[in-house]
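So the structure is just underneath, and the comments pick up after that.
Derivation of every value follows stated rules applied to the coordinates shown; laboratory data play no part. Bear in mind that the values here come from a model prediction, so they are computed numbers and not experimental data. Quick reminder, even Gly has a Cβ in these numbers, built from the backbone with ideal geometry, and neighbours come from all protein chains shown.
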Ligand code: NDP
């Protein structure tokens with residue numbers, strides 16, 4: 001395993017980590033979840049990603065139960081939660097002080113841990129002043145309940161504002177952002193956040209490296225019955241990722257990536273994950289897997305980075321045809 005610094009912080013996370021969205025407590029039973037957690041940890045994965053909203057809290061409960069059973073030293077792994085969608089009531093959602101406080105304590109109980117290593121604001125909350133959320137996160141850090149706080153899918157401007165407010169008032173600034181990043185979705189990580197890596201030392205824990213599985217080519221001729229897009233609660237995702245015109249175009253691009261992967265001796269999933277790892281501004285790639293075999297295949301991508309030569313990367317660019325334009329540097 002390779003370990004990378006989480007932005008400018010001193011914390012090093014495994015370059016590949018494991019997340020529980022859609023899978024834990026929905027697709028995976030306890031036995032398979034245990035196999036996946038064990039396979040990840042044994043391969044050196046040190047970061048496990050969660051959120052209060054995943055399976056309505058059941059995902060964190062399952063992971064908490066497994067962490068307890070596995071009995072790993074608390075100093076050998078990092079675990080996260082995210083706050084935003086806690087419930088339907090105004091007191092139960094958003095990034096106001098009350099919900100940030102309640103969500104953190106509820107996640108600690110579900111995960112059966114004393115502190116969260118990473119705690120994310122899952123989306124921006126336009127109805128709460130950013131200063132209130134920054135202060136609430138700072139207080140949790142002072143209380144020892146959270147070690148590092150960050151954002152997920154905030155704009156560069158919102159992250160910059162949180163950072164500026166923290167610096168102005170002597171509060172803890174955000175350390176990391178959790179954006180979507182994969183071959184089909186690049187703009188935010190490669191262009192919008194471009195200056196934040198150097199200027200504020202932003203780390204990134206990137207999600208959906210396979211675009212929910214599209215980049216494996218598995219949706220090339222329909223939706224397999226045992227795949228994510230066949231999970232009834234995720235119809236909305238299927239509509240967006242498979243049924244839309246953009247989705248169909250992405251699937252055709254994925255077909256070409258599958259061909260390229262075969263040529264260089266990688267599986268499509270390994271090529272897509274290795275491509276994310278080539279970006280030095282990616283601190284960790286969060287893998288999703290609904291079975292152990294997928295995880296084992298995906299974890300092996302780290303050993304094959306040398307196959308992504310400059311020539312191969314150029315050929316990938318040709319297929320993708322979506323390289324974000326950086327502002328001109330004078
Ligand atoms: P991916 O894009 O890698 O999708 C993972 C899914 O793809 C698996 O569950 C599996 O689905 C399929 N898959 C994985 N490997 C293979 C393989 N080798 N061959 C065939 N199919 C494969 O990642 P996720 O979308 O799961 O995101 C990763 C993590 O990121 C999440 O668990 C979560 O922790 C985090 N996340 C954060 C978000 C945020 O807003 N901050 C949003 C979304 C995710 P199946 O077998 O069911 O088809």
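Below is a table of values for the structure above.
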read-out: Cα gyration tensor shape for the stretch 80-227, rounded if a/c is under 1.5, else prolate or oblate; value: oblate
read-out: Kirkwood-based shape ratio for the stretch 10-147, expressed as Rg/Rh from alpha carbons; value: 0.97
read-out: Residues residue 112 and residue 303, FRET efficiency given R0 of 45 Å [Cβ-Cβ distance, rounded to 0.05]; value: 0.85
read-out: Residue-span extension gain [residue 325 to residue 233] - 0.36 nm each, minus C-alpha spacing; value: 29.5 nm
read-out: Rounded to 5, percent antiparallel among DSSP beta bridges of the stretch 1-80; value: 40 percent
read-out: Percent of Cα pairs exceeding the 19 Å cut-off, where the set is the stretch 215-330; value: 54 percent
read-out: DSSP-defined antiparallel bridges as percent of all bridges, the stretch 112-230, nearest 5; value: 10 percent
read-out: Cα Rg, Dmax, the chain, angstrom units; value: 19.2, 56
read-out: Nearest 10 degrees, 0 to 90: helix 130-142 Cα axis against the chain principal axis; value: 80 degrees
read-out: Rounded, prolate or oblate (a/c below 1.5 giving rounded, otherwise prolate when a/b exceeds b/c) for the stretch 141-215 by Cα gyration tensor; value: oblate
read-out: Folded to 0 to 90 degrees: helix 58-70 orientation relative to the chain principal axis, Cα; value: 90 degrees
read-out: Ellipticity estimate at 222 nm from DSSP helix runs (n ≥ 4, -39,500 (n - 2.57)) divided over the chain, nearest 500; value: -12000 deg cm²/dmol
read-out: DSSP beta bridge pairing in the chain, given as percent antiparallel to the nearest 5; value: 15 percent
read-out: Ranked 62, 116, 196, criterion: other C-beta atoms within 10 Å, fewest first; value: 196, 116, 62
